[in-house]
Amino acid sequence: MIACIDIGGTAIKVGVLDLQGKIVEKTSLEVNHDFNGLINSLVSFVEEAKQQYKVTGVSISSPGAVDSKTGMVNGSSAIPCIHGHNWKKIMGEATNLPISIENDANCAALAEVFNGSGQSFSDVLFLVCGTGLGGAIIHDGKIHHGKNLHGGEFGYMLMEERDGEFYNFSNVASTMSFVRKARAHFQDDSYDGIKVFEEATKGNEFCQNILDRFYLNLAKGIFNMQYFYDPEIILIGGAISQREDFIEKINEKIDYLLEKIEIAKVKPVLGACTHKGDANLIGALANFISEHQSNNLESK
């Protein structure tokens, strides 16, 4: 069994998983913004898990620029105290167990390759669409981190320039990209993604137009992703990806682009992610197994 930890901005999900990815036990912890207090709460979880299960390791999903080899978490996130520390060393010494740690978006991608929509593929791009756009690159079944640990940060791609202002992929194709437009237009901050879709379904022309533009911008970015990596499949996550017509709408816009750009012949293969709220826990497990695959985990 592996004790898995998913550090989030508003809560920390923790669970005990078997090596097939089954979640045997799951709960959540409050976020402690004092580093020592946070470590103490995580160590307490691991020690309690040890009393009930044969725990052979700990694996962590964390925001930020995670160096999975050294265990350092750099960059920034909604939990500033987690950055600048060697998690492998600290948690390893505190629990006397092997520790793995990986970026949260990378963990979500690993979950899909492990036992989700990407398990039949070795070269996969993963795009998560939410408040912003993030993602991951799976090359030969493993995460490609990049020299600066920014592999898969597709949200930074520059997409538009208007009057000297540059807009990246997150600016123009995240769920907040159309929510912001709706709030400004209707002068109503109660608008969220769900309300925009509801109003569009009712026939609201403005909401229909901003969603149409959202899908086009998303298709443009995905088109670029296809041509700079040429993956077997591009998987899309985030709550919006669970909409029944989501992939269909993007494909319609990709077909439109392929008609306009006649030299382009490769149409991206798209899929929605299988895992939802538990993706990072399952991905943390997958990362641990990959890192320690030469060891007989169950015999420890």
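When the chain is fully extended, how far beyond the present Cα-Cα distance does E248 get from L29, taking 0.36 nm per residue of separation?
Working it through step by step, the gained length comes to 75.1 nm.
May I ask you to derive the FRET efficiency for S120 and K202 from their Cβ-Cβ distance with R0 = 51 Å, giving the value to the nearest 0.05? About 0.80, to the nearest 0.05.
Y229 contributes about 60 Å² of solvent-accessible surface, heavy atoms of the protein only, 1.4 Å probe. Comparing F166, I247, S100 along the charge dipole axis of the chain, the residue lying farthest to the positive side is S100, per the Cβ-charge model.
The mean accessible area for residues of the stretch 118-273, using a 1.4 Å probe and ignoring ligands and nucleic acids, is 53 Å² per residue.
Geometric descriptor of the stretch 130-176, per residue, is 85 Å³ (volume of the convex hull of the Cα atoms).
Ranking T70, T131, T10 by solvent-accessible area of protein heavy atoms (1.4 Å probe, all protein chains present), from largest to smallest, gives T10, T131, T70. Building the convex hull from the alpha-carbon atoms of the chain and averaging its projection over directions returns 17.2 nm². P(r) for the stretch 63-124, from all Cα pairs and a bin width of 10 Å, is 22, 39, 30, 9 %, short bins first.
The listed peptides 40-46, 25-31, 104-110, ordered by packing as a protection proxy, come out as 104-110, 40-46, 25-31 (highest mean of other Cβ atoms within 10 Å first). For the residues E252, E262, E160, a 1.4 Å probe over the protein chains yields an accessible-area ranking, largest first, of E262, E252, E160. Look at the dipole of the stretch 177-300 built from charges on Cβ: of A279, Y227, A200, the Cα furthest out on the positive end belongs to Y227.
If you wrap the Cα atoms of the stretch 118-273 in a convex hull and average its projected area over all directions, you get 10.5 nm².
Overall, the chain carries a charge dipole of about 380 debye about its Cα centre when +1 sits on the Cβ of Lys and Arg and -1 on the Cβ of Asp and Glu, all other atoms neutral. Gain on full extension, evaluated as 0.36 nm per residue between K89 and D189 minus their Cα-Cα distance, stands at 31.5 nm.
The values are calculated or read from the model by the stated rules, or taken from the named source; none is laboratory data. All figures in this text were calculated on a predicted structure; none of them were measured in a lab. FYI the Cβ positions are ideal-geometry reconstructions off the backbone, even for glycines, and counts take in every protein chain you see. Keep in mind that these areas ignore ligands, DNA and RNA; they rest on the heavy atoms of the full protein, side chains included. Shrake-Rupley method; radii C 1.70, N 1.55, O 1.52, S 1.80 Å.
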